[in-house]
Amino acid sequence: MCEMMWRFTQSGLPQMLGLSIFMAGLCFLVRALKLWRLARIPLLPLASSAVFFGLLVLVSPIGLGVSLAAAFFVFLVFKKKVLLPIVFAVVMTTVFTPWMLQNAAETGSVLGIGAVEIQDSWGKSAGSPIMRNFERGTEAAFPRFFLFKKMGRVLEQHFSNFWLLIGGSVGAGLFWLSMLHPFRNPEAIQLRNGLAMMWAGAMLFGTPDLLMDANQVHLWFVPLATTFGFAILTVFWARLPIAQNRWSMWKWAHLAAAAVITGLPMLVNMPGRATLGFNLSNRIVNWPPYDPAAITFVKKWTTDDQVVFSDVPWAVAWYADRSSVWIPETPKQLEAIAEQIENQTPEGVAGVFLTPQTLDQPLASGVISGDYAPWNRILLAGPLTSVDINMYDRMPSAMQYGKRLSASKNQESWFFSPRPISKK
């Protein structure tokens, strides 16, 4: 868990922000449960919780599944006072309604690109087939079809990689076992059941990139799930003879062991990372594989009215302040898009910018037959240059000029252009 949280903190992805908002919403929800048990009307805590669950939808489209599950849980608990679930639903919806109206005005869909991201999470792999494929007649071209097939694939993905997705947290892994235990605290039982429902809501969406996927929201559930997991572990441990003596060092040994096992990946990697940080503090590229120093050169080599094709268009748009398009599934599709762009703006295509997102892949399973297999010629163009093999004569869109941008071969980025690249 420590390692996973640290990596997300470095990534720039919104998971840690989502975790803070999710925990705040649960805090107010627990307060509402306590007041309800005391026969009081928890209107203000429920409304406050609804605000945070509404904000969770704005953090990630996947938060919609979590928030809807939370609203259903509130209905089940407070259905005797039907006004309370209605207030929760209205307040939560009000928070993200302006976003939905803006999406409807701009894209014609209330979810905007969020709908595509949700459908994309059901894809076979991390190659984003829906957002990169412009040809009809494929599963990616009809995201509403094959729904049961996709959901089966997503559930299999979550269950088979569950240990990885929870960051190796022993406590979180035991959460589902705690569902069988009747805790004495009524709020604990309700919170546990609600957490399980929300977690199930999150599992309706896929995580093709697994641990560091943008849709990986298991992180939100790990802290509380770990609490419940440690609780059931303590119950089981207390039944052992070695834990009966209250003064014995073995009484809390199970918690120490679970904490060490969970933090082991971070403890093992810390010395090497600290040494690397001291020696190369200004040239370390963390995940995602964005090298801001390299991307700034893309800005120098292009103009405001040009478009850059890239495997990380969001990073190019952020660090280089340039319009960027995700490279399509095939070079042929790039040719078609580039032709349309240059018909409107002569020399409107600046080039193709590639990062370790596509370059740092296994040769056989990634470059030759993976999601970017149609691009293997341009993926291999940069590395093969160092051994005097020229592939530029058959590059898509005549991308015959290339420059290497990173300081080390295992973190290199390449910029290819149909025109000579500036030397600045």
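Under a 5 Å amide H to amide H cut-off, with H placed in plane at 1.01 Å, what residues pair with V325 once short-range neighbours are removed?
Those qualifying (amide H under 5 Å, at least 5 residues apart or on another chain) are V308, F309, S310.
Please report Rg over Rh for segment 2-238, where both radii come from the alpha carbon positions and Rh follows the Kirkwood definition.
Numbers: Rg = 18.6 Å, Rh = 18.8 Å.
Result for segment 2-238 is an Rg/Rh of 0.98.
What does the net charge come to around S169 if you take all other residues with beta carbon closer than 15 Å to its beta carbon, with K and R at +1 and D and E at -1?
0
If contacts are Cα pairs under 8 angstrom and at least 6 residues apart, what is the relative contact order of segment 2-238 in percent?
Reported as a whole number, the value is 23 percent.
Starting from the Cα of R37, move 7 Å in the Cα-to-Cβ direction to define the label point; list residues of segment 176-193 whose amide nitrogen is under 12 Å from there.
From segment 176-193, the list is 183-192.
So, in nm, how far is label L101 from label A317 when the simple model puts each one 7 Å beyond its Cα toward the Cβ?
According to this spin-label approximation, the distance is 2.3 nm.
Lysine pairs in segment 2-238 with alpha-carbon atoms under 27 Å apart, 8 or more places apart or on different chains: how many are there?
Close lysine pairs under the 27 Å cut-off: 5.
Fewest first, what order do V66, V325 take by the number of other Cβ atoms within 10 Å?
Placing the least packed residue first, the sequence is V325, V66.
Give me a comma-separated list of calculated 3J(HN,Hα) values for segment 40-54, in order, Karplus coefficients 6.51, -1.76, 1.60 applied at θ = phi - 60°, integers in Hz, x for any Gly or Pro.
10, 8, x, 5, 5, x, 5, 5, 5, 4, 4, 4, 5, 5, x
Since every read-out is calculated from the coordinates, none of them should be taken as a lab result. These numbers come from a predicted model, not from an experiment. When we count neighbours, we look across all protein chains shown, and the Cβ atoms used for this are built from the backbone with ideal geometry, even at glycine.
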